[in-house]
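Below you'll find the structure, written out as structure tokens, and then a few comments.
All of the numbers you see were taken from the coordinates with simple rules; none came from a lab. Computed from a prediction, not measured in an experiment: that's the story for all the values here. Neighbour counts are summed over all protein chains in view; Cβ atoms, including those assigned to glycine, are modelled from backbone coordinates with ideal geometry.
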Ligand code: NAP
């Protein structure tokens with residue numbers, strides 16, 4: 001007899017996928033969680049800054065989902081290559097896509113492709129030990145750099161700025177791979193310029209993260225008081241939004257402060273957008289144009305420019321979702337079009353059995369907890385559509401085995417986890433991330 005518990009595939013083992021799997025299992029369903037990488041946790045492992053221990057500890061909560069008897073991990077499986085979405089739709093009662101928005105956005109300015117110009121996604125992947133990180137490219141970009149420009153004033157820009165300036169004792173206690181720690185400890189970077197194309201009131205960082213920049217040992221934060229004059233639209237924002245008011249207050253505390261000389265300096269620039277990156281073989285300078293903000297809060301160039309010396313430019317201007325073969329995609333917003341998590345076809349009708357949650361549903365915004373609510377809303381749609389019905393779905397594990405795909409199940413993940421803890425223990429740390437795909441797969445088999 002068919003089983004009344006439905007079998008559902010979740011594509012992506014990051015926070016959204018695991019929150020969705022948890023909610024689906026709690027409702028009595030069986031869930032296969034697939035991930036392209038041989039390890040779970042997505043951006044919790046490869047995005048959240050390693051020195052943010054409390055945010056990263058959400059991984060312990062997510063790990064419990066993988067221990068549920070209703071949930072099966074199928075890691076190391078690339079949907080779109082190893083198996084198609086159509087095959088998943090045939091093999092499962094429902095498919096929930098939660099594969100995130102892991103690509104970078106570009107500035108589209110001359111010089112962006114010079115050596116030394118990186119996307120924050122590249123730098124973050126490198127320092128988190130992502131197996132696909134472009135280690136050679138990032139390390140070449142960092143080599144010999146003394147001054148860096150970080151473009152963007154969101155939380156990722158804060159992470160990158162902190163990691164580039166933090167004292168090595170702070171980073172030493174993290175799970176960053178040893179080669180990353182060694183390179184950052186030897187880094188000659190003394191100045192990091194952070195560019196916001198609008199004013200301090202429009203920055204998207206959160207106050208706690210911003211404040212941390214001023215708490216790093218041996219690091220001074222500086223900002224020109226003239227940059228902090230608020231035009232009417234910004235003054236209104238400060239009045240109406242407590243987070244904005246607190247952010248502006250923190251930044252004002254740094255204005256025109258010339259404290260004792262520090263080991264490193266962070267310079268915040270507002271009303272400043274990069275218009276060109278200059279250099280012969282690699283980045284040498286960044287041309288910055290001053291901007292004004294109109295009544296709608298949009299930035300406009302004034303034509304007045306200045307140059308910053310820099311050998312490293314990190315654009316931290318947001319993440320971008322990408323399309324998956326056979327799934328509708330909104331090229332303008334870089335998300336999968338949906339209504340309450342139900343994927344919509346180009347005519348606006350729901351695609352039966354296909355759902356979406358997380359960044360690929362709503363765009364790269366919010367904190368990790370935002371994905372719990374978001375996943376719950378999608379799961380409510382899945383459950384409403386499936387109702388009480390018999391299921392004879394068989395899943396895709398046998399097909400993957402017949403194709404020789406090296407699937408990492410939860411036991412493999414436990415083995416990787418143990419190997420990383422053992423590696424960390426050698427240097428008195430909780431864990432050290434295995435950064436190499438072959439090492440991850442060896443550990444999984446071990
Ligand atoms: P974000 O908050 O959207 O910030 C992007 C920044 O890039 C904005 O300052 C934006 O300015 C700027 N920008 C975009 N296009 C630009 C251009 N062409 N030229 C110059 N500047 C440009 O994105 P994010 O920092 O990548 O963070 C993604 C999400 O993850 C956010 O929700 C964030 O809060 C979250 N996150 C949270 C934490 C944490 O909680 N600790 C850590 C990391 C990330 P405009 O506003 O002018 O467009």
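Going by how many other Cβ atoms sit within 10 Å of their own, how do 416, 360 line up, fewest first?
416, 360
Could you pull the Rg and Dmax for segment 1-56, using just the Cα atoms, both in Å?
13.9, 52
Just subtract the alpha-carbon distance of residue 302 and residue 239 from 0.36 nm times their residue separation and send over the number in nm, one decimal.
That works out to 20.0 nm of additional length.
Could you sort the peptides 152-158, 373-379 by per-residue average Cβ neighbour count (10 Å cutoff), highest mean leading? Let's see the in-between values first.
Numbers: 152-158: 24.3, 373-379: 20.7.
Averaged packing, sorted descending, gives the order 152-158, 373-379.
Expressed as an acute angle from 0 to 90° and rounded to the nearest 10, what is the orientation of the C-alpha long axis of helix 242-252 relative to the principal long axis of the chain?
40 degrees
So what does log10 I(q)/I(0) come out to for the chain at q = 0.07 Å⁻¹, using the Debye formula with one equal point on every Cα and no solvent?
-0.38
Note down the relative contact order for segment 104-318 as a percent, whole number, built from C-alpha pairs under 8 angstrom at least six residues apart.
With pairs under 8 Å counted, the relative contact order is 31 percent.
Could you calculate the contour length gain from residue 132 to residue 146, that is, 0.36 nm times the residue separation minus the distance between their Cα atoms, to one decimal place in nm?
Numbers: separation 14, 0.36 × 14 = 5.04 nm, distance 2.64 nm.
So the chain would gain 2.4 nm between residue 132 and residue 146.
Please compute the Kirkwood hydrodynamic radius of segment 55-146 from all pairs of different C-alpha atoms, in Å with one decimal.
Result for segment 55-146 stands at 17.0 Å.
Relative to the longest principal axis of the C-alpha atoms of the chain, give the angle of the C-alpha long axis of helix 410-425, reported between 0 and 90° and rounded to the nearest 10°.
Value to nearest ten degrees: 30.
Dividing the alpha-carbon radius of gyration of segment 268-400 by 2.2 N^0.38 Å (N being the number of residues), what value is obtained?
That ratio works out to 1.59.
For labels at residue 439 and residue 414 in the simple 7 Å Cα→Cβ model, what's the distance in nm?
If labels sit at residue 439 and residue 414, their model points lie 2.4 nm apart.
By DSSP, what percent of the beta bridges with both residues in the chain are antiparallel, rounded to the nearest 5?
Bridges in the chain are about 35 percent antiparallel.
So for 267, 127, fewest C-beta neighbours within 10 Å to most, what's the order? Kindly include the intermediate steps, with their values, before the conclusion.
Details: 267 18, 127 28.
So the residues, fewest neighbours to most, are 267, 127.
Would you please give the FRET efficiency between residue 54 and residue 325, computed as 1/(1 + (r/R0)^6) with r the Cβ-Cβ distance and R0 = 41 Å, to the nearest 0.05? Mind dumping the intermediate values first?
Numbers: r = 38 Å, r/R0 = 0.93.
According to the calculation, E is roughly 0.60.
Quick one: if the Förster radius is 51 Å, what FRET efficiency do residue 217 and residue 278 give, using the C-beta to C-beta distance and rounding to 0.05?
Details: r = 33 Å, r/R0 = 0.65.
Efficiency, rounded to the nearest 0.05: 0.95.
Using a Förster distance of 56 Å, how high is the FRET efficiency between residue 106 and residue 64, based on the Cβ-Cβ distance and rounded to 0.05? Kindly include the intermediate steps, with their values, before the conclusion.
Details: r = 38 Å, r/R0 = 0.68.
Here the calculated transfer efficiency is 0.90.
Equivalent-ellipsoid semi-axes (√(5λ), Cα gyration tensor) for segment 275-320, whole Å, largest first?
For segment 275-320, the ellipsoid semi-axes come out as 24, 15, 7 Å.
So if each residue of separation counts as 0.36 nm, and I subtract the Cα-Cα distance between residue 421 and residue 332, what length gain in nm does that give?
Working: separation 89, 0.36 × 89 = 32.04 nm, distance 4.25 nm.
Answer, rounded to one decimal: 27.8 nm.
Using Cα-Cα distances under 8 Å and only pairs 6 or more residues apart, what relative contact order does the chain have, in percent?
RCO, the chain: 23 percent.
Wrap a convex hull around the Cα atoms of segment 104-318, take a quarter of its surface area, and give that in square nanometres.
Convex hull of Cα atoms, orientation-averaged projection: 11.6 nm².
Principal axes first, then extents: for the Cα atoms of segment 211-301, list largest minus smallest coordinate on each axis, whole Å, largest first.
Principal-axis extents of segment 211-301 (Cα, largest first): 46, 33, 19 Å.
Please list the three semi-axes, largest first and in whole Å, of the ellipsoid equivalent to segment 348-446, using sqrt of 5 times the eigenvalues of its alpha carbon gyration tensor.
With the √(5λ) rule applied to segment 348-446, the semi-axes are 35, 22, 12 Å.
In degrees, nearest 10, range 0 to 90: what is the angle between the Cα axis of helix 155-165 and the longest Cα principal axis of the chain?
60 degrees
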